[in-house]
Amino acid sequence: MSAGTLPLKVLVVDDEPLARENVTALLERDAEVEVVGQGNGVDAVALVARLRPDILFLDIQMPEVDGFALLELIGADAVPAIVFVTAYDRYALRAFDVHALDYLLKPFTDARFASALDRAKEQVRTRRRGELDGRIAELLRAQQSPRTRFLVPGRDKTIVVEASQVDWIEAADYYICLHCGDASHLLRDTMDEVERQLDPQQFFRVHRSAIVNLARVREIHPLFRGDCELKLTDGVTVRLSRHRRREFEARFAQLGTRR
């Protein structure tokens, strides 16, 4: 850093204090940057407004306000450079790759961290030259659009499964299972994340472990204590929780109206 040049201001946002400290310790090795603050997702909006950082290290998977929601709150251009930090999430990583955005996959090495920081510093210099970067805004727009396909990795190929082909989705430990007629596909993902990505007018989570394509529901059979059983076009039956029954019936009626 040349004489008289101020260090770049860095804000670290992660819900885990230990994770924040680890990132801060690595940043303190670089004389070109200064950690001006750290906090969780709830604190981050106020911190960004007050500190106006040049670089934001942002954890994506935070319980109260996740990284994508935070970016929508502060605005895509509020911070010149963002380094996303995430645990393994195939969908999120594909999104970053598509938009050529840098990310750190936990756990990361010191060398990988240094590389990400160097690229972030270059992004700040680019912004200061007056060159705008629309990739964050594009990422947020993509996140807001319903997911239309799944990419299922295989040994020697990747299978493309259109969301419209999925009859229902079942939780399977650390995976989800896409049921498509006679075929089924395992994908490392969570039910909560997939539910958030899919079109809520087309897919409905009937209980904790199942999401159904509303267009595949053919019969509804009442059971004891308010539960129901849904019969799909392929003959498979899926339980509908009584706690979700009223919302399901409203959503299902809306589907019929659109048709």
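Restricting the stretch 233-249 to residues that are in a helix (DSSP H, G or I) and not charged (D, E, K, R) leaves a set whose member that is most open to solvent (accessible area, probe 1.4 Å) is 243. Sub-6 Å Cβ pairs linking a first residue in the stretch 58-86 that is within 22 Å of residue 128 (Cβ to Cβ) and touching a residue at least 40 places away in the same chain (Cβ under 8 Å) to a second residue that is surrounded by 17 or more Cβ atoms within 10 Å (Cβ to Cβ) and among the β-branched types (Val, Ile, Thr), at least 6 apart or interchain, are 58/13; 58/82; 76/136; 80/124; 81/55; 81/124, ordered by first then second residue.
The number of residues in the stretch 49-68 being open to solvent by less than 40 Å² (accessible area, probe 1.4 Å) and either out of contact with any helix residue (DSSP H, G or I) (no Cβ under 7 Å at 6 or more places or on another chain) or not in a helix (DSSP H, G or I) (or both) comes to 12. Of the strands (runs of 3 or more DSSP E) contained entirely in the stretch 108-213, those carrying at least 1 residues that are within 24 Å of residue 237 (Cβ to Cβ), modelled with pLDDT under 85 and open to solvent by less than 40 Å² (accessible area, probe 1.4 Å) fall at 149-153.
The values are calculated or read from the model by the stated rules, or taken from the named source; none is laboratory data. Predicted model, so just to flag it, every value in this text is computed and none were measured. Using ideal geometry, Cβ is built from the backbone for each residue, glycine included, and neighbour counts are taken over all protein chains shown. Side chains included, ligands, DNA and RNA excluded: accessible areas come from the protein's heavy atoms. Shrake-Rupley method; radii C 1.70, N 1.55, O 1.52, S 1.80 Å.
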